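Enquirer: Structure below; questions to follow.
The values are calculated or read from the model by the stated rules, or taken from the named source; none is laboratory data. In this text, all values refer to a predicted model and were calculated from it rather than measured experimentally. Here the Cβ is made from the backbone with ideal geometry for all residues, glycine too, and neighbour counts use every protein chain on show. Ligands, DNA and RNA are excluded from the accessible area calculation, which covers all protein heavy atoms including side chains. Shrake-Rupley method; radii C 1.70, N 1.55, O 1.52, S 1.80 Å.
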Amino acid sequence: MNTARKLSQDEIELSKETYALFAGLMYQLAGVNLPLNSKNEALIKNRLIRVLRAYQFESYEEYWKYLKNGSDSVKQEFISALTTNMTSFFRENSHFEWLRKYLKAHFEKLYSLRIWCSASSTGQEPYTIAICVYETLTESQRAHVKILASDIDLEVLKKASLGYYTENEITGLTKEQILKFFDRLNQQGEPLYRVKDFLRNMVQFSQFNLMSEKYEFKRPFDIVFCRNVLIYFDEKTVKEVIEKLSQSLNKDGFLLLGHSESGNIKNENLKALSKAIYQRKESHEKN
Ligand SMILES: C[S@@+](CC[C@H](N)C(=O)[O-])C[C@H]1O[C@@H](n2cnc3c(N)ncnc32)[C@H](O)[C@@H]1O
């Protein structure tokens, strides 16, 4: 072990064989597909060098030996290092304009609603959903809305459930929304904002891997958000995940994907409505 100085990414070689081991494990654990090319090679080196440094390993091979027989938390750390968590409030806003209209129409006929945000990253997406619910529905209607937010990455889930954001991380919100839904914590210095308790309490966070064999929930959902994660999966995984998501929806329930992800989604349970919005066709009994 070398404790004398930090090794730079360029000083440690990542062989093709070791690259394949890391990429294979990431595929097996998270479904994330990292075929060998210069972009992915740079990504793996760049992200894992930090883990190497933290443990003071001198080579990727040394880290691999530690990782392959490592505990769940060692594997979790590896997943956290290699997932891409980019997100923002009101990202791909047409979905939230759609959501506001849907919420009004839904509560004209029904009295409860279940929403699942299935790749929630650091929380901006489920809190955006909660803001739409808060701004659109009455207090008594809101009491019957359940928002479940999940992600495979425990680090981002922790950040999401704590609800602290820097100035950069709250872009997408209006001044009024910041005042209404956030406490500004340090009045001097770098601003830090925290989601107010009443909004935080509207979202329940839990770890969930979209690669799970079965999606077991007590009841199906009216809306599932699964945005900007399928792009990291291969075609086979996308097909399987979409099938399981469609089975997690109520009849007439909606699946929302990222704007760039909806190109070749073909699933007999789903019909395409508008940009990256799909609707469940038949009840589960009929399939
Ligand atoms: C780019 S972010 C997208 C966040 C948000 N949905 C959005 O559109 O802004 C992708 C998220 O998918 C998560 N992810 C990757 N593989 C996953 C899996 N197998 N199961 C659940 N979440 C996964 C990552 O941890 C990451 O937080």
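Enquirer: Which whole number in µm²/s is D for the chain by Stokes-Einstein, with the Kirkwood Rh taken over Cα pairs at 4 °C and 1.567 mPa s? Walk me through the numbers on the way to the answer.
Expert: Numbers: Rh = 20.6 Å.
Taking Rh from Cα pairs, D becomes 63 µm²/s.
Enquirer: With +1 on the Cβ of every Lys and Arg and -1 on the Cβ of every Asp and Glu, and nothing else charged, how large is the dipole of segment 94-286 about its Cα centre, in debye rounded to the nearest 20? Working shown, then result.
Expert: Working: 29 positive and 26 negative charges, 123 e Å.
Using Cβ point charges on Lys, Arg, Asp and Glu, segment 94-286 gives about 580 debye.
Enquirer: What is the Cα centroid distance between segment 244-265 and segment 86-132, reported in whole angstrom?
Expert: 14 Å
Enquirer: Another question, if that's okay. Using 0.36 nm per residue, how much length does the chain from K275 to Y66 gain when fully extended, once their Cα-Cα distance is taken away? Kindly include the intermediate steps, with their values, before the conclusion.
Expert: Numbers: separation 209, 0.36 × 209 = 75.24 nm, distance 4.44 nm.
Full-extension gain reported as 70.8 nm.
Enquirer: Report in % the part of the accessible area of segment 94-286 that belongs to carbon and sulfur, leaving out ligands and nucleic acids; probe 1.4 Å. Write out the running numbers ahead of the final one.
Expert: Numbers: 4860 of 9860 Å².
Result for segment 94-286: 49 percent of the exposed heavy-atom area is carbon or sulfur.
Enquirer: Separate question: Based on the alpha carbon coordinates of segment 88-147, what radius of gyration and maximum Cα-Cα distance (Dmax) apply, in Å?
Expert: 11.2, 33
Enquirer: In nm, what is the difference between 0.36 nm times the number of residues separating F217 and D234 and their Cα-Cα distance? Present the calculation step by step, with values, prior to reporting the outcome.
Expert: Numbers: separation 17, 0.36 × 17 = 6.12 nm, distance 2.51 nm.
Full extension from F217 to D234 adds 3.6 nm.
Enquirer: For the chain, what is the accessible area per residue in Å², given a 1.4 Å probe and the full set of protein chains? Spell out each step's value before the answer.
Expert: Details: 15100 Å² over 287 residues.
On a per-residue basis, 53 Å².
Enquirer: Per-residue accessible area for V74 at 1.4 Å probe radius, Å² rounded to 10?
Expert: Probe radius 1.4 Å; accessible area of V74 about 10 Å².
Enquirer: Moving to a separate point now. What is the spread of the Cα atoms of segment 45-107 along each of their three principal axes, largest first, in whole Å?
Expert: Projected onto the principal axes, the Cα atoms of segment 45-107 cover 58, 22, 14 Å.
Enquirer: Then there's this: Past the 25 Å Cα-Cα mark, which pairs from K39/K271; K159/K271; K101/K175; K68/K218; K101/K146; K159/K239? The partial results should precede the final answer.
Expert: Details: K39/K271 35 Å; K159/K271 35 Å; K101/K175 23 Å; K68/K218 34 Å; K101/K146 18 Å; K159/K239 30 Å.
As for pairs spanning more than 25 Å Cα to Cα, those are K39/K271; K159/K271; K68/K218; K159/K239.
Enquirer: Okay, moving on. Only Lys, Arg, Asp and Glu count, each charged at its Cβ (+1, +1, -1, -1), so figure out the dipole size of segment 162-205 about its Cα centre, rounded to 20 debye.
Expert: Details: 6 positive and 6 negative charges, 32 e Å.
So the dipole magnitude of segment 162-205 works out to roughly 160 debye.
Enquirer: Could you compute how much accessible surface E62 exposes when probed at 1.4 Å, giving the result in Å² to the nearest 10?
Expert: 60 Å²
Enquirer: Another one. With a 1.4 Å probe and all protein chains kept in place, how do W64, W116 rank by accessible area, largest first? Don't jump to the answer; show the numbers that get you there.
Expert: Numbers: W64 40, W116 0 Å².
Largest accessible area first, the residues go W64, W116.
Enquirer: Tell me, what ³J(HN,Hα) does each residue in segment 246-258 have, in order and in whole Hz, if you take phi through Karplus 6.51 cos²θ - 1.76 cosθ + 1.60 with θ = phi - 60° and put x for Gly and Pro?
Expert: 5, 6, 8, 9, 5, 4, 6, x, 10, 10, 10, 10, x
Enquirer: Right, here's the next one. Ignoring everything except DSSP H segments at least 4 long, calculate the 222 nm mean residue ellipticity for the chain; use -39,500 (n - 2.57) per segment, divide by total residues, nearest 500. Write out the running numbers ahead of the final one.
Expert: Values: 11 runs with 119 residues, N = 287.
Calculated at 222 nm, the ellipticity per residue is -12500 deg cm²/dmol.
Enquirer: A further question on this structure: Could you tell me which residue out of I115, A23, Y55 lies farthest along the dipole of segment 1-123 toward its positive end? Charges go on the beta carbon: Lys and Arg +1, Asp and Glu -1, centred on the Cα centre.
Expert: I115
Enquirer: Now for a separate question. How many percent of the accessible area of segment 9-82 is carbon or sulfur, using a 1.4 Å probe?
Expert: Working: 1860 of 3850 Å².
Carbon and sulfur atoms account for 48 percent of the accessible area of segment 9-82.
Enquirer: Per residue and in Å³, how big is the convex hull formed by the alpha-carbon atoms of segment 196-250?
Expert: Numbers: hull volume 5.9 nm³, N = 55.
Per residue, the Cα convex hull of segment 196-250 comes to 108 Å³.
Enquirer: Counting only DSSP beta bridges with both residues in the chain, what percent are antiparallel, rounded to the nearest 5?
Expert: Once the DSSP bridges in the chain are tallied, antiparallel ones form about 40 percent.
Enquirer: Rank these by accessible area, largest first, 1.4 Å probe: H144, H259, H106. Can you show the working numbers first?
Expert: Values: H144 95, H259 45, H106 15 Å².
Largest accessible area first, the residues go H144, H259, H106.
Enquirer: If you don't mind, another one. Above 21 Å lies some portion of the pair distances; for segment 9-82, what is it as a whole percent of all C-alpha pairs? Before the final figure, lay out each step's value.
Expert: On the way: 377 of 2701 pairs.
Counting every Cα pair in segment 9-82, those more than 21 Å apart make up 14 percent.
Enquirer: Percent of Cα-Cα pairs more than 21 Å apart in segment 1-157, please. Don't skip to the answer; put the middle values down first.
Expert: Numbers: 6960 of 12246 pairs.
Distances greater than 21 Å cover 57 percent of the Cα pairs.
Enquirer: Report, to one decimal in Å, the Kirkwood hydrodynamic radius for segment 89-209 based on all distinct Cα pairs. Write out the running numbers ahead of the final one.
Expert: Values: mean 1/r = 0.0675 Å⁻¹.
In segment 89-209 this quantity evaluates to 14.8 Å.
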